[in-house]
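S.K.: Take this structure first; my questions come after.
Each value in this text was obtained by applying a stated rule to the coordinates, not by laboratory testing. Source: prediction; values computed, not measured. All Cβ positions, glycine included, derive from the backbone under ideal geometry; neighbour counts span all protein chains shown.
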Amino acid sequence: MNLLFRRRDLRAAWLTLLICLLGTAPAWASHPALWRASDADTTVYFFGTVHTLTKDTHWHFPALDKALDSSKMLYIEAADINPATVQPLVMKYGLDPAHPLSDKLSTQENALLQQAAKQIGMPGGAAAMNVMKPWLASLTISTAPLLKAGYDPRLGVDKQLQAAMKQADKPVKGLETARQQIMFFANMPESVQLHLLRQSLHDYAHAKTQLSAIVDAWKQGDVEAIAQTIVAKLKDRSPRLYQTLLVNRNQVWAQQIADIMKTTPGTIFIAVGAGHLAGPDRLQLQLGKLGIQTSRVDD
């Protein structure tokens, strides 16, 4: 089963990490949201992203392009997200053949897993997921329908921005690493991982509809809609995951950004999942606690 998993290049597995860590922003404007913060010698733009899109998604607008052109470097969540980096990490921290997933689930839950594997077209069926830890099985089930529907992490905003900046010969840096992102999930207690898996088994059929609505809202810059749906839903259903994926990371990033502004003059562009820029623990408020005020850019 490991060989089957490897032959598929772990595509579904590692791409799920990009999607689940997305955080997205849907009326305030007819384009995605953009913020700016400045001190005496540094200007920082903050842009909320979606980590997976379809080919026909258009999201550029004049103020965004102007900000990108004026920026001398780009920061994204993780600049080292690629198969060569992620595959070994998923194999190490996401697979556990010695402790089959089926042993951790009830008879009814195993039946749901079988059904889900069939519905998402999982290569090898439920047997292939039986070697996964619960967190990886959960992400695979949740995101496989999105991949089938044409949503592609390679078309995600962060990937497109990264390619554009590299083409312009501007550096691209990460606020964290691929390993850190994987460990957010791998370090969760098994009980929390199983809770996440059970939610995925009940919700995966609606994943395409939900993401489509989120992307439409994000394109309009409706941050309040994100706060009321994606952010609030995560906080309500998975408080520990909310603390890990949103609150803690926003606090760490705020300090990183404060340090960048102290040491790096010029204009810098920072792109993170738009969920980080919405809700009661958003990045802008964490920056405000450090004395950095942000304002929304409207063209």
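S.K.: Take the residues in segment 167-202 that are acidic (Asp, Glu) and touching a helix residue (DSSP H, G or I) at 6+ places or on another chain (Cβ under 9 Å); name whichever of them is nearest to Lys72 (Cα to Cα).
M.R.: Ranking the candidates gives Glu176 first.
S.K.: Those residues that are surrounded by fewer than 17 Cβ atoms within 10 Å (Cβ to Cβ) and not β-branched (Val, Ile, Thr), I need them from segment 252-275; list them, please.
M.R.: Passing the criteria: Gln255, Gln256, Asp259, Lys262, Pro265, Gly266.
S.K.: Being among the charged types (D, E, K, R) and either part of a helix (DSSP H, G or I) or buried (at least 18 other Cβ atoms within 10 Å of the Cβ) (or both) is the filter here; which residues of segment 282-299 pass it?
M.R.: Arg282, Lys289
S.K.: Right, next: Quick one: would you say Ala205 is touching a helix residue (DSSP H, G or I) at 6+ places or on another chain (Cβ under 6 Å) and surrounded by fewer than 18 Cβ atoms within 10 Å (Cβ to Cβ)?
M.R.: Here the answer is no, as Ala205 does not meet what is asked.
S.K.: Now for a separate question. Take residues that are farther than 30 Å from Ile260 by Cβ and tell me which of the helices (runs of 4 or more DSSP H) falling wholly in segment 111-188 contain 2 or more.
M.R.: Because the criterion is at least 2 residues that are farther than 30 Å from Ile260 by Cβ, the helices (runs of 4 or more DSSP H) in segment 111-188 that meet it are 125-129, 134-148.
S.K.: Oh, and also: Hey, among the residues in segment 40-79 that are surrounded by fewer than 16 Cβ atoms within 10 Å (Cβ to Cβ) and acidic (Asp, Glu), which one's nearest to the chain's Cα centre (by Cα)?
M.R.: Asp56
S.K.: Turning to a different aspect of this structure: From the list Val157, Val86, exactly one residue is touching a His at 6+ places or on another chain (Cβ under 9 Å) and among the β-branched types (Val, Ile, Thr). Which is it?
M.R.: Only one candidate qualifies: Val157.
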